[in-house]
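Below is one structure, written out as structure tokens; the observations come after it.
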Amino acid sequence: MILSRGFFHFDAYFPHGRDWVTRFPVDAIAIKSEKLLADNQELRLMKEELVPGRCSELDFWRRYYYAFMLLCEKEAQQKHQPRPQRD
């Protein structure tokens, strides 16, 4: 998943509540996060650019996985929308 840098540069609006972000178990997925960095050069470069100057490592991963959740929800909603009928 590729995120825009803008998602990490501001105090993002969290429609599920800021509690979701602060309670997200980042430590529980640390191995997956390391694999993501190893497999994705763009993400690794973005992290190097932003951490620690613009956000903490913990906040970086919270925002990353939050954005991932939002994209998954959007994709699920699109799958369940009726497709327009063709004549």
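Residue by residue, here is whether (1) closer than 20 Å to A38 by Cβ; (2) surrounded by 10 or more Cβ atoms within 10 Å (Cβ to Cβ); (3) in contact with a Leu (Cβ under 8 Å, 6 or more places away or on another chain) holds:
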residue: E49; (1), (2), (3): yes, yes, no
residue: S56; (1), (2), (3): no, yes, no
residue: F68; (1), (2), (3): yes, yes, no
residue: K79; (1), (2), (3): no, no, no
residue: P82; (1), (2), (3): no, no, no
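Of the residues in segment 32-87, how many are aliphatic (A, V, I, L, M) and not in a helix (DSSP H, G or I)?
1
No value in this document is a laboratory result; all are computed from the given coordinates. In this text, all values refer to a predicted model and were calculated from it rather than measured experimentally. Counting neighbours? That spans all protein chains shown, and the Cβs are built from the backbone with ideal geometry, glycine included.
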